[in-house]
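Heads up, the thing below is written out as structure tokens.
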Amino acid sequence: MIIRSVEFQCYGPFTQRTFEFRRGLNLVYGPNESGKTILMDSVAVGLYGSKGKQNLQSWGLDGDCRITLLLEGRGSSIRLNRDLASGRISFLRTDDMYRTLFRFEGVP
């Protein structure tokens, strides 16, 4: 599976931001403190969660702190949405015709 996009809501320096990736090599660049490391770490946090939830929410903003990962593989795609405040996740796997193959919602 490859990462197609990472979407943030009130996470680190991002209030609402989506990063899209293409097949092959993707280059992420920017000035210091622009969020490059947050973007890299967010994949692991999206997949596995984080114990330091209060450190991840954007400063001065109230709202849901979420990460959504879109992963793509041969014949299927996965949309994983993790709410970092509550720990709730939704996991949706679909085939190439967008038919649901597997769905999970809850707190693991």
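Derivation of every value follows stated rules applied to the coordinates shown; laboratory data play no part. Remember, predicted model here, so these are calculated numbers, not experimental data. When we count neighbours, we look across all protein chains shown, and the Cβ atoms used for this are built from the backbone with ideal geometry, even at glycine.
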inquiry  = Order 1-14, 87-100 from most to least packed using the mean count of other Cβ atoms within 10 Å.
reply    = 1-14, 87-100
ask   = When Lys and Arg each count +1 and Asp and Glu each count -1, what net charge do the other residues less than 10 Å away from Phe91, Cβ to Cβ, add up to?
value = +3
ask   = Using the alpha-carbon atoms, what tilt in degrees (0 to 90, nearest 10) does helix 36-48 show relative to the longest principal axis of the chain?
value = 50 degrees
message = Run the helix sum for the chain: -39,500 (n - 2.57) per DSSP H stretch of 4+ residues, divided by residue count, reported at 222 nm to the nearest 500 deg cm²/dmol.
response = -4000 deg cm²/dmol
query = Between Lys51 and Arg17, what is the label-to-label distance in nm when each label sits 7 Å out along the Cα-to-Cβ direction?
reply = 2.7 nm
